[in-house]
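Enquirer: Structure below; questions to follow.
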Amino acid sequence: MPDVTGPYAPGTPCWVDLMVPDQQAALDFYRDLFGWQGQVGPPETGGYAVCELNGKPVAGIMAAMNPDGTKPDPMPPAVWTTYLATADVDATQSRIVSNGGTVMMPAMDVMTIGRMAVASDPTGAVFGLWQARDFAGAKVVNEPGAVIWNELNTSDTATASGFYASALGIKATPMEGATGYFSLEVDGRMVGGLQGLASIEGIPEDTPSHWLTYFSVDDTDSTVDALVRAGGNVLKPPFDMMAGRMAVVQDPQGGTFAVINAAEPQK
């Protein structure tokens, strides 16, 4: 079901957000592309915007800034971050370090809504951790305009698989019919994917390990056309694959994501 009514199991992607130089420009772009409603938040949250789809939280957009509220110089690149649910951020970040990962932003409270941290795995892929309190994460998924898939593209599948299993309880299992692709599972339920960078056709050789967010769309080609008209960039034009018709794109500020018109599951 596209509406999420219960808590996310630990290890499950539960939220995505975008950090950009120009927050309002990003809010306008994604409003037009996906139909999101969002506005710059209050000063006490650093202006963080929770975007909604049909009145339900779907993703976040924030302005890049230093911890003291000043603008970074140089400005970091725009980036989408995948957050993995955890029941205890502090314990999870300890396991991350003991399994070869790096804590980039230590555990911190976000008012009463939750507790978060940002880390990278041993192959360099950055991800967030979210311990829910008042806010569990996305309330709508798997429908046009919402997140439908989170994928780890890594320089070392064996190292990454071992890390996520030990640190976050996420198991990587070879996916039937997709050579070199793994499903990421939590308690036997598929929650994402994993593949080696070397197996991705046409990807630049210097591409670092990363988590890629996929958004569901009704029509991949028309969405990509709209993105280009709005100043976005196409990294991989629309193509058909086993899960549907997808493309990899960038917003006008360089934030990379995928869009997919997912195929109906086989009966």
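Enquirer: Applying the Karplus parametrisation 6.51 cos²θ - 1.76 cosθ + 1.60 with θ = phi - 60° to the phi angles of the range 44-57, what ³J(HN,Hα) value in whole Hz is obtained for each residue in order, glycine and proline being reported as x?
Expert: Computed from phi, the couplings for the range 44-57 are 5, 10, x, x, 3, 9, 8, 8, 10, 10, 6, x, 10, x Hz.
Enquirer: Lys and Arg at +1, Asp and Glu at -1: add these up for the other residues within a Cβ distance under 15 Å of Thr81 and post the number.
Expert: For residues surrounding Thr81, the net value is -4.
Enquirer: Once the other residues with Cβ under 12 Å from the Cβ of Ile200 are scored (Lys, Arg +1; Asp, Glu -1), what is the net sum?
Expert: Every neighbour counted, the sum reads -2.
Enquirer: With contacts defined as alpha carbon pairs under 8 Å and 6 or more residues apart, what's the relative contact order of the range 169-250 in percent?
Expert: So the answer I get is 15 percent.
Enquirer: Which whole-Hz ³J(HN,Hα) couplings does the range 153-161 yield from phi under the Karplus relation 6.51 cos²θ - 1.76 cosθ + 1.60, θ = phi - 60°, glycine and proline marked x?
Expert: So the J values, rounded to whole Hz, are 9, 10, 6, 8, 5, 5, 5, 5, 4.
Enquirer: Tell me which residues come under 5 Å, amide H to amide H, from Val110 once H is placed; ignore anything under 5 positions away on its chain.
Expert: Those qualifying (amide H under 5 Å, at least 5 residues apart or on another chain) are Arg115, Met116.
Enquirer: Might you tell me the accessible area per residue for the range 1-73, computed with a 1.4 Å probe and given in Å²?
Expert: That works out to 51 Å² for each residue.
Enquirer: Per residue, how large is the accessible surface of the range 175-267? Use a 1.4 angstrom probe and give square angstrom.
Expert: Accessible surface, normalised per residue, equals 55 Å².
Enquirer: Could you check how much of the accessible area of the chain is carbon and sulfur, as a whole percent, using a 1.4 Å probe? Intermediate results must be reported in sequence, preceding the final value.
Expert: Values: 7040 of 12960 Å².
Carbon and sulfur: 54 percent of the exposed surface of the chain.
Enquirer: Would you please give the residues with an amide H less than 5 Å from that of Ala59, counting only those at least 5 places away or on a separate chain, with H modeled from the backbone geometry?
Expert: Here Cys51 satisfy the definition.
Enquirer: A follow-up question, please. For the chain, what does the equivalent ellipsoid look like in terms of its semi-axes, each the square root of 5 times an eigenvalue of the Cα gyration tensor, given largest first in whole Å?
Expert: Taking √(5λ) for each eigenvalue gives 25, 24, 19 Å, largest first.
Enquirer: Calculate for the chain the 222 nm mean residue ellipticity that helices alone would give, adding -39,500 (n - 2.57) per DSSP H run of length 4 or more and normalising by residue count, nearest 500 deg cm²/dmol.
Expert: Values: 4 runs with 44 residues, N = 267.
Computed ellipticity for the chain at 222 nm equals -5000 deg cm²/dmol.
Enquirer: Further question: Where the Cα atoms of the range 42-120 are projected onto their three principal axes, how long is each span, largest first, in whole Å?
Expert: Projected onto the principal axes, the Cα atoms of the range 42-120 cover 37, 35, 21 Å.
Enquirer: Also, I was wondering about something else. Relative contact order of the chain, please, whole-number percent, based on alpha carbon pairs below 8 angstrom and at least 6 residues apart.
Expert: Relative contact order here is 18 percent.
Enquirer: So, one more: List every residue whose amide H lies under 5 Å from the amide H of Gly11, counting only residues 5 or more places away in sequence or on a different chain, with H placed 1.01 Å from N in the peptide plane.
Expert: Under 5 Å from the amide H of Gly11: Ala85, Thr86.
Enquirer: At q = 0.14, 0.20 Å⁻¹, what is the log10 ratio I(q)/I(0) for the range 111-203, with the Debye formula run over Cα points and no solvent?
Expert: For the range 111-203 at q = 0.14, 0.20 Å⁻¹, log10 I(q)/I(0) is -0.60, -1.12.
Enquirer: Compute log10 of I(q)/I(0) for the range 62-170 with the Debye formula, placing one identical point scatterer on every Cα and leaving out solvent, at q = 0.14 Å⁻¹, to two decimals.
Expert: -0.65
Enquirer: What's the local net charge at Ala138, with K and R +1, D and E -1, over the other residues with C-beta under 12 Å away? List each step's numbers first, then the result.
Expert: On the way: positive: Lys56, Lys139; negative: Asp3, Asp17, Glu52, Glu143.
So the surrounding residues net to -2.
Enquirer: Identify the residues of the range 109-135 with backbone N under 12 Å of a label point that sits 7 angstrom from the Cα of Thr70 along the Cα-to-Cβ direction, or state none.
Expert: Once the point is set 7 Å along Cα→Cβ of Thr70, nothing inside the range 109-135 turns out to lie under 12 Å by backbone N.
Enquirer: Applying the Karplus parametrisation 6.51 cos²θ - 1.76 cosθ + 1.60 with θ = phi - 60° to the phi angles of the range 109-116, what ³J(HN,Hα) value in whole Hz is obtained for each residue in order, glycine and proline being reported as x?
Expert: 7, 10, 6, 9, 8, x, 10, 9
Enquirer: If you don't mind, another one. Give me the extension gain from Asp3 to Val234: residue separation times 0.36 nm, minus the current Cα-Cα distance, reported in nm with one decimal.
Expert: Gain on extension, Asp3 to Val234, equals 80.2 nm.
Enquirer: Another question about this same structure. Under 16 Å from the Cα of Lys56, which aspartates and glutamates turn up, not counting those fewer than eight places away in the same chain?
Expert: Output for Lys56: Asp3, Asp17, Asp134, Glu143.
Enquirer: Given springs between every Cα pair under 10 Å in a Gaussian network model of the chain, which of Thr173, Thr70, Thr123 has the largest fluctuation?
Expert: Thr70
The values are calculated or read from the model by the stated rules, or taken from the named source; none is laboratory data. What you see is a predicted model; the values in this text were computed from it and never measured. Every residue, glycine as well, gets a Cβ built from its backbone with ideal geometry; the counts of neighbours run over all protein chains shown. Areas reflect the complete protein model, heavy atoms only, side chains present, ligands, DNA and RNA absent. Shrake-Rupley method; radii C 1.70, N 1.55, O 1.52, S 1.80 Å.
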